[in-house]
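What follows is one structure encoded as structure tokens, with my remarks underneath.
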Amino acid sequence: MNVLHIDCSPRTTSYSRQLSAAMVTRLISNHPGAQITRRDLGHEPVPHTDSDYATALSTADALASGLANGATQRSEQLIQELESAHALVIGTPMNNFTVPSTLKAWIDQIVRVGRTFAPSPNGEKIGLLQDRPVYIGIASGGFFTGEKAKQPDFLTPYLAAILGCVGIKKLQFLALQGTAFLDPSQLATQQGILLDTLRTGV
Ligand SMILES: Cc1cc2nc3c(=O)[nH]c(=O)nc-3n(C[C@H](O)[C@H](O)[C@H](O)COP(=O)(O)O)c2cc1C
């Protein structure tokens, strides 16, 4: 089994990194011999899509020449990396109610018309990738679910919608909430409770 392990926090000592690493460890213990590919968006961000890329996507002819002149090359590499993974583990902070821009930049590269989704005649987007499990570990300073929630959550519905758009629908979210309020031992306890809910069947 190949696992693509993505982290998005710019911080080295990061709760979402610790959580995603623990999720990968659980996955390996249930699937010995799993191969891990790392994509560290927090420390080595992928560039934003640029003018050549946007132009290449604008028409079928432009797309064909874009492929030929390399405008979609980075996107293609990242899509192939995603396609080779049987499962994904993503560690991400909540930033301003949603995903950090480093994760959004990756999403902009892997959600590509004619490659990972196709528009239907009535404007629906049809996912072209095979479904696979995605385990998402979130760290947030405050709370976005439960009684203590004082902010909206545009992170989990957004990831479900955008990954669903390319055909990836088996998502599991583990959210370590309140990193700004809880002390390290409370967070460690909370992380253990979350990990026990992880279902790692692929
Ligand atoms: C730019 C920025 C925006 C943030 N926005 C939110 C937010 O909207 N909601 C929240 O609960 N925490 C927010 N936080 C706090 C982080 O989610 C929290 O510190 C989290 O633990 C960071 O993840 P990490 O520990 O993996 O680096 C924000 C932090 C930063 C730096």
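Where a number appears in this text, it was derived from the coordinates with a stated rule and is not lab data. Just so you know, these numbers come straight off a predicted model, no measurement behind them. With ideal geometry, Cβ positions are generated from the backbone for all residues, glycine too; neighbour counts draw on all protein chains shown.
A few remarks follow.
- When residues in the stretch 54-84 are screened for being more than 20 Å from D40 (Cβ to Cβ), in a helix (DSSP H, G or I) and among the hydrophobic types (A, V, I, L, M, F, W, C), 8 of them pass.
- Screening I6, I36 for residues that are β-branched (V, I, T), touching a strand residue (DSSP E or B) at 6+ places or on another chain (Cβ under 7 Å) and under 16 Å from L174 (Cβ atoms) leaves exactly one candidate, I6.
- Members of the stretch 13-46 found to be within 12 Å of the ligand (Cβ to nearest atom) and free of Cβ contacts under 8 Å to residues at least 24 places away in the same chain, listed by number: T13
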